[in-house]
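A.B. asks: Below are the structure tokens for one structure; questions will follow.
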């Protein structure tokens with residue numbers, strides 16, 4: 001069966017420090033991969049998505065970046081965190097095909113606090 | 001473009017009350033519609049879905065019917081429990097292209113004993 005792992009679960013970082021959040025998927029190949037952010041009291045904001053290795057689409061211009069070095073690995077990074085980067089970050093995947101199984105599978109999230 | 005509008009929360013109910021969370025959508029094509037649920041401190045998980053007009057999705061006592069004429073997909077449950085307390089997201093996907101779903105802002109449900 002397919003599983004998605006996201007870590008760390010919680011992270012407290014000072015302003016200006018770097019960030020690296022990692023997400024891996026098991027049990028499937030060539031998935032679509034997504035990074036979402038959920039700020040307090042707000043909905044889901046799509047940050048990046050990827051349809052294949054090295055293919056990254058950015059939805060929101062900001063100081064975050066994403067990379068997909070392997071088929072089932074998706075990394076969210078920043079060189080210098082801002083206070084506004086605080087939030088709950090969710091990784092997700094989908095099977096990458098149109099049809100009956102059009103749904104996202106989400107990781108358990110990372111709560112990032114930038115102080 | 002596509003958009004999803006959900007009723008503002010929080011929705012506060014007593015146990016065994018009837019629940020309705022409204023969701024309306026705007027889409028250029030014929031989308032699939034979804035409800036996701038997010039329990040405290042967790043990621044989202046799919047609750048139910050419907051892929052064409054008049055389909056009814058159901059799961060765990062929750063139901064939603066795809067109404068093309070009113071562009072709606074309201075979530076209902078006849079008798080809520082404390083364990084249903086969560087944030088509920090309505091979403092749609094455009095079946096014509098790559099799968100980038102559009103989510104509503106989420107509606108928080110609080111159920112009191």
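A.B. asks: Once the Cα gyration tensor of chain B is diagonalised, what are the square roots of 5 times its eigenvalues, in whole Å and ordered largest first, as equivalent ellipsoid semi-axes? Numbers along the way, then the final one.
C.D. replies: Details: eigenvalues 116, 40, 27 Å².
Square roots of five times the eigenvalues give 24, 14, 12 Å.
A.B. asks: Suppose the Debye formula is applied to equal point scatterers at every Cα of the protein assembly as shown; what is log10 I(q)/I(0) at q = 0.08, 0.12, 0.16 Å⁻¹?
C.D. replies: Rounded to two decimals, the profile gives -0.29, -0.67, -1.14.
A.B. asks: Another question, if that's okay. Along Cα→Cβ, 7 Å out, is where each label goes; now give me the distance between the ones at residue A:65 and residue B:26 in nm to one decimal.
C.D. replies: Each label point lies 7 Å from its Cα, and together they span 3.6 nm.
A.B. asks: Could you give the radius of gyration (one decimal) and Dmax (whole number) of the Cα atoms in the stretch A:26-88, in Å?
C.D. replies: 12.4, 36
A.B. asks: Could you give the Stokes-Einstein D for chain A in µm² per second, using the C-alpha Kirkwood radius, 25 °C, 0.890 mPa s? Spell out each step's value before the answer.
C.D. replies: Values: Rh = 14.3 Å.
It comes out at roughly 172 µm²/s.
None of the figures in this text is laboratory data; all of them are computed from the coordinates on show. Since we're looking at a predicted model, the values are computed, not measured. Every residue, glycine among them, receives a Cβ derived from its backbone with ideal geometry; neighbour counts consider all protein chains shown.
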